[in-house]
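Accompanying notes for the structure given below.
The values are calculated or read from the model by the stated rules, or taken from the named source; none is laboratory data. Given the structure is predicted, the values throughout are model-derived calculations rather than measurements. Positions of Cβ are backbone-derived with ideal geometry, glycine not excepted, and every protein chain shown enters the neighbour counts.
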Amino acid sequence: MKTVVITGASSGIGLEVARILTRKGFNVLGIGRSEINCNRAEEKILSENPDAKITYFLADLMQQREVIRVAEEITLYLNQKSNGELYALINNAGCVRSWYMTTEEGYEQQFALNHLAGFLLTYKLLPALIKAHGRVIMTGSESHKGIKVHWDDVMLRCRYNPLTAYKQSKLCNILFAKGLNDRYAAHGIRAYVVDPGLVKTDIGNKETGFLVNLIWTLRKMHGVPPEVPANTYAFLCKQETPPDGLYYYLCKEKDYSRQITRENADRLFELSERLCGIKYESPVCLRPEQHSSKHEGVMVK
């Protein structure tokens, strides 16, 4: 049975992906921040499909120590129950903020959760992904177009704009996917980004101010149910031969920003390694015993 890890799996798109994949026979490991929501999600999945293989792990992926902890728990699970193999990692967890807020490391929260959490989690689970010739799928957005990475102030400390921060984090999702493919596609790993479109979820209603909350409440009324984009994640997981594309919408390849270049992907990769205190090894050199790396926070302007 193929094992899939899904972040942000207790509600919205992540929950719908978990529901679909368990129905299709996958063993799903979900990550969520709220124990109540995780229990509720598990009960919902099992009530619809009593034979579903679903296990939830708790973690606040905003904080890097939590990413490291839950990755170690999942690695132990994979070694004990899945032959140390991870078929797919779906980095879906994300947030929207109304104002400048930081993590324990001092990183802007949208950049930290929407990009760095997936970057660090992928690193920690990389040996299991390599062993399974696995897939890494990011939740992106059409909003990544028309923006560049603010290399001189990636946390946007000087002139913070919440929409700019969100757009930049979604651009980073695709640059990260390209960076993974450039480094590991020849060794069996494939990375993708799914554009879910406008979806009826609560992402814009969580820990946001009155204006953002109101705008998102009105805007999401025109969105599609989460199960619509969830089918694209399932499509990418079901294909026996990994698709060749990078950016997908409604199960089809889609054009993406011209900012998605090897140069930008490499630059983001190096920056993200510094911010996470890690160094991705080459597939030839990587061994499970090299999996852990001492975390050191790095402040970057």
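Looking at (1) closer than 15 Å to LEU236 by Cα; (2) buried (at least 24 other Cβ atoms within 10 Å of the Cβ); (3) of a type in the set (Val, Ile, Thr), which is the only condition THR7 fails?
The one condition THR7 does not meet is (1).
Mind listing whichever residues of the range 84-107 are buried (at least 23 other Cβ atoms within 10 Å of the Cβ) and modelled with pLDDT of 95 or more?
LEU86, ALA88, LEU89, ILE90, ASN91, ASN92, ALA93, TYR107 - these are the residues of the range 84-107 that are buried (at least 23 other Cβ atoms within 10 Å of the Cβ) and modelled with pLDDT of 95 or more.
Might you check whether a residue that is at pLDDT below 90, assigned to a helix (DSSP H, G or I) and not β-branched (Val, Ile, Thr) occurs anywhere in the range 194-209?
To start, the set of residues in the range 194-209 that are at pLDDT below 90 comprises 197-209.
Retained after the next criterion (residues that are assigned to a helix (DSSP H, G or I)): 203-205.
Right, trim to not β-branched (Val, Ile, Thr) and you get 204-205.
Looking through the range 194-209, at least one residue is at pLDDT below 90, assigned to a helix (DSSP H, G or I) and not β-branched (Val, Ile, Thr).
Among the residues in the range 49-60, are any under 21 Å from ARG190 (Cα atoms) and more than 17 Å from the chain's Cα centre (by Cα)?
no
Within the range 211-225, is even one residue surrounded by 15 or more Cβ atoms within 10 Å (Cβ to Cβ), modelled with pLDDT of 95 or more, small (Gly, Ala, Ser) and in contact with a Leu (Cβ under 6 Å, 6 or more places away or on another chain)?
There is no residue in the range 211-225 that is surrounded by 15 or more Cβ atoms within 10 Å (Cβ to Cβ), modelled with pLDDT of 95 or more, small (Gly, Ala, Ser) and in contact with a Leu (Cβ under 6 Å, 6 or more places away or on another chain).
Output the number of residues of the range 260-280 satisfying the condition of being assigned to a loop (DSSP other than H, G, I, E, B) and surrounded by 17 or more Cβ atoms within 10 Å (Cβ to Cβ).
Keep residues of the range 260-280 that are assigned to a loop (DSSP other than H, G, I, E, B), which gives 260-261, 277-280.
Imposing the further condition that a residue be surrounded by 17 or more Cβ atoms within 10 Å (Cβ to Cβ) reduces the set to 260, 278, 280.
Qualifying residue count for the region: 3.
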